[in-house]
Amino acid sequence: MKHSNRALLIPVILFALLMQGCSGHAALNDPVKRSGFYFDTLVTITVYGNEAESYADDCLSMCSYYEGLLSMTVDGSDISRINNAGTEAVTVSGETIELLEYAMDCYDSTQGALDISVAPASRLWTDARKSNELPSDDSLSDAVSHIGLDKLHVDTESLSVSKDDPSLSIDAGALGKGFVADKIKDMLISKGVKSAVISLGGNILTIGSKPDGNPFKIGIKEPFSD
């Protein structure tokens, strides 16, 4: 009887070990998803591999941190303080300086077509959506007179920003989410992550491919819609 019991026990142990190995492999291949609402949009982070849960949480923490710097609607953010400072110099974070320098390069390379000092006009259109009434020509003309990133001055040594026009205001929406997505991707790669998808609204970055070797599929819901 003892010999028979041992004979039955061996395959049971082997099966348990096999299942444990399979479950560990599945865990590595199963994505960890984290979502939150930042920058006025839905953010979704998908990470695969060891410590995926911790890294996905780190990504949302970064979103919260950068929103606290770059959102013009967050009281006390760097951008909000710049917008409300008149022509006084404002000391900001190094990350905000980096974004503003990048924005100024984009402004120069596009001959002013990409201009994050568009906030005076973008506020009018935000109000128009709420009231269901178009902005007046006079209000738009006045807003445009306060737009122009060439009126902004960035001092990289003192980490300070000043404006020639007290009514000039920054709306980093055209660049901010892409800037933060790049920062998140750099962080994940530095942690050794080999497989991830970073989605900040319409700003999507991927790292590597799925753990099974298949590529990530990123699609546009209605690419030919009017």
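The values are calculated or read from the model by the stated rules, or taken from the named source; none is laboratory data. Here the structure is a predicted model, which is why all the values come from computation and not from measurement. With ideal geometry, Cβ positions are generated from the backbone for all residues, glycine too; neighbour counts draw on all protein chains shown. All accessible areas refer to the heavy atoms of the entire protein, side chains included, with ligands and DNA or RNA removed. Shrake-Rupley method; radii C 1.70, N 1.55, O 1.52, S 1.80 Å.
Under a plain spin-label model, where a point goes 7 Å from the Cα along Cα-to-Cβ, how far apart in nm are residue 182 and residue 75?
Placing both labels 7 Å beyond Cα along the Cβ direction yields 3.2 nm.
So if we plug the beta-carbon distance of residue 133 and residue 158 into 1/(1 + (r/R0)^6) with R0 = 45 Å, what FRET efficiency do we get, rounded to 0.05?
Details: r = 43 Å, r/R0 = 0.96.
About 0.55, to the nearest 0.05.
Suppose every K and R has +1 on its Cβ and every D and E has -1 on its Cβ; what is the size of the dipole of the chain about the Cα centre, in Debye to the nearest 20? Before the final figure, lay out each step's value.
Working: 18 positive and 32 negative charges, 405 e Å.
Using Cβ point charges on Lys, Arg, Asp and Glu, the chain gives about 1940 debye.
Read phi for every residue in segment 76-87 and hand back ³J(HN,Hα) as whole Hz from Karplus 6.51 cos²θ - 1.76 cosθ + 1.60, θ = phi - 60°, with x for Gly and Pro.
Calculated HN-Hα couplings, in order: x, 5, 4, 5, 4, 5, 4, 4, 9, 8, x, 9 Hz.
Roughly what would the spin-label model give for residue 37 and residue 54, points 7 Å off Cα along C-beta, in nm?
About 3.1 nm separates the two model spin labels.
Using only Cα atoms, tell me the angle between helix 2-29 and the longest principal axis of the chain; keep it within 0 to 90° and round to the nearest 10.
Taking the Cα atoms of the chain, the angle to 2-29 is about 10 degrees.
Could you check the simple spin-label distance between residue 214 and residue 102, using points 7 Å along Cα→Cβ, in nm with one decimal?
Here the modelled spin labels are 3.2 nm apart.
Are there any chymotrypsin sites (Phe, Trp or Tyr not before Pro) in segment 162-226 that are in a DSSP loop and have at most 11 other Cβ atoms within 10 Å? List them by number.
Values: sites: 179, 216, 224; in loops: 216, 224.
Listed in order of number, the matching sites are 224.
Rounded to the nearest 0.05, what FRET efficiency is calculated for residue 225 and residue 151 with R0 set to 30 Å and r the Cβ-Cβ distance? Mind dumping the intermediate values first?
On the way: r = 38 Å, r/R0 = 1.26.
Using R0 = 30 Å, I get an efficiency of 0.20.
Based only on Cα atoms, what Rg/Rh ratio does the chain have, Rh being taken as Kirkwood's radius?
On the way: Rg = 25.0 Å, Rh = 20.9 Å.
Taking Rh as the inverse mean 1/r over Cα pairs, Rg/Rh reads 1.20.
Output needed for segment 63-120: three equivalent-ellipsoid semi-axes, defined as square roots of 5 times the C-alpha gyration tensor eigenvalues, in descending order, whole Å.
Values: eigenvalues 77, 36, 25 Å².
So the equivalent ellipsoid measures 20, 13, 11 Å along its semi-axes.
Translational D (Stokes-Einstein, µm²/s) of segment 80-169 at 10 °C and 1.306 mPa s when Rh comes from the Kirkwood sum over C-alpha pairs? Don't skip to the end; give the middle numbers.
Numbers: Rh = 13.9 Å.
D, rounded to a whole number, is 114 µm²/s.
Hey, what's segment 120-226 come to in accessible area per residue, 1.4 Å probe, Å²?
Values: 6510 Å² over 107 residues.
Each residue of segment 120-226 exposes 61 Å² on average to a 1.4 Å probe.
Within the chain, what whole-number % of the accessible surface is contributed by carbon and sulfur, with the 1.4 Å probe and all protein chains included in the calculation? Display every interim value, and only then the final one.
Details: 7240 of 13510 Å².
On the chain, the fraction of accessible area on carbon and sulfur atoms equals 54 percent.
Residue separation times 0.36 nm, minus the C-alpha to C-alpha distance between residue 165 and residue 189: what's the value?
Numbers: separation 24, 0.36 × 24 = 8.64 nm, distance 4.07 nm.
Roughly 4.6 nm would be gained on extension.
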